[in-house]
1. Can you tell me how many residues in segment 146-164 are surrounded by 22 or more Cβ atoms within 10 Å (Cβ to Cβ) and either in contact (Cβ under 8 Å) with a residue 60 or more places away in the chain or at positive phi (or both)?
2. Filter segment 100-120 down to the residues that are more than 21 Å from K173 (Cα to Cα) and either in contact (Cβ under 8 Å) with a residue 40 or more places away in the chain or outside the structural domain of Y79 (by TED's automatic domain parsing) (or both) and list them by number.
3. Among the residues of segment 87-122, how many are within 16 Å of the ligand (Cβ to nearest atom), of a type in the set (G, A, S) and assigned to a loop (DSSP other than H, G, I, E, B)?
4. Would you confirm whether any residue within segment 96-105 is touching a helix residue (DSSP H, G or I) at 6+ places or on another chain (Cβ under 9 Å) and either surrounded by 14 or more Cβ atoms within 10 Å (Cβ to Cβ) or of a type in the set (A, V, I, L, M, F, W, C) (or both)?
5. Modelled with pLDDT of 95 or more and either part of a strand (DSSP E or B) or within 13 Å of the ligand (Cβ to nearest atom) (or both): does that describe F74?
Amino acid sequence: MFNKILLFLGLFLAFSNCSSKINGNKLDEKSETTSMNNINNNSLRQPETEEQWKERLTPEEYNVLRKKGTEKPFSGKYYDHNSSGIYVCKGCGTELFKSDAKFDAHCGWPSFYEGIDKSKIKETIDRSHGMIRTEVTCATCGGHLGHVFDDGPQDKTGLRYCINSVSLEFVAKENLDTTQIKR
Ligand SMILES: [Zn+2]
């Protein structure tokens, strides 16, 4: 009888551990599934051909990152995402933006007033669609991220990096491996 009680207690403990884990994941499913280890393992195998990029990315990611497309406003998963962590390049895992620099620009895309490291973001004049804009790409893999405008918060940098959600992958603060992050 005593053994049975112990067994029951053990099962109960195992189950309650398990359910608290599941609840934890439910809080922020997307961020919980991405760890810096996954990102770094992926970035070791950088695609070289467009065919390889197509295999790695979803059609929408490919269209934005490799073909300079734009996701529909208010459709991306990060425009209204406020968890603490960093945003890395979806194409190669390079750390691009901190959540601390994210602000609500009401434009329908995730907006940041600065990047983690200027050298990781390349700026190019973009004269497409009858406008003159500054395109921003990942300096590591060349993936199209979005554009930078000078109507950002004046009490910060005055810049607004308007970035497609599909070009980014969010890594929650608790999943950051501090040994791999150099800031
Ligand atoms: Zn990249």
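The values are calculated or read from the model by the stated rules, or taken from the named source; none is laboratory data. Since the structure is predicted, the reported quantities are computational estimates derived from the model, not experimental observations. Note: ideal-geometry Cβ built from the backbone for every residue, glycine included; neighbour counts use all protein chains shown.
1. Of the residues in segment 146-164, 4 are surrounded by 22 or more Cβ atoms within 10 Å (Cβ to Cβ) and either in contact (Cβ under 8 Å) with a residue 60 or more places away in the chain or at positive phi (or both).
2. A105, C107, W109
3. 3
4. Yes, because at least one residue in segment 96-105 is touching a helix residue (DSSP H, G or I) at 6+ places or on another chain (Cβ under 9 Å) and either surrounded by 14 or more Cβ atoms within 10 Å (Cβ to Cβ) or of a type in the set (A, V, I, L, M, F, W, C) (or both).
5. no
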